[in-house]
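Each value in this text was obtained by applying a stated rule to the coordinates, not by laboratory testing. Since this is a predicted model, take the numbers as computed values, not measurements.
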Amino acid sequence: QVQLVESGGGLVQAGGSLRLSCAASGRTFSSSTLAWFRQALGKEREFVAAISWRSLSKNYADSVKGRFTISRDNAKNTVYLQMNSLKPEDTAVYYCAAKFRGRVGPDVYDDWGQGTQVTVSS
């Protein structure tokens, strides 16, 4: 099991950047596939990005390709989401999630953080 705590959310103008962090604890972090999801008000949660346990594979939703970058530092037990060229439609609560290896993408994840709010003003 992995415990996850997100940070780095906030209010930013359209075109700006934010970097989200997700600090993890638990013995299986370095063996986990990690992902970011988001949920806008009144909408279903959607997949944003995922990264394999050794960072060899990454997967992005079409809506964020070329603008967002997922990365991880296993020595620091942290996964990041660098978000550039932000748009108002990126406004949502962002969650990090973990599972033991497996498919790198919009799969079923076992462990979730509490979320961090990102608001992009136009």
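Going through the cross-link list LYS65/LYS87; LYS43/LYS99; LYS76/LYS99, which pairs have a Cα-Cα distance over 21 Å in this structure?
Pairs exceeding the cut-off: LYS43/LYS99.
Subtract the Cα-Cα distance of GLN13 and ARG54 from 0.36 nm times their separation in residues, and report this length gain in nm to one decimal.
11.4 nm
Given contacts defined as C-alpha pairs under 8 Å and at least six residues apart, what's the relative contact order of the chain, whole-number percent?
Answer for the chain is 36 percent.
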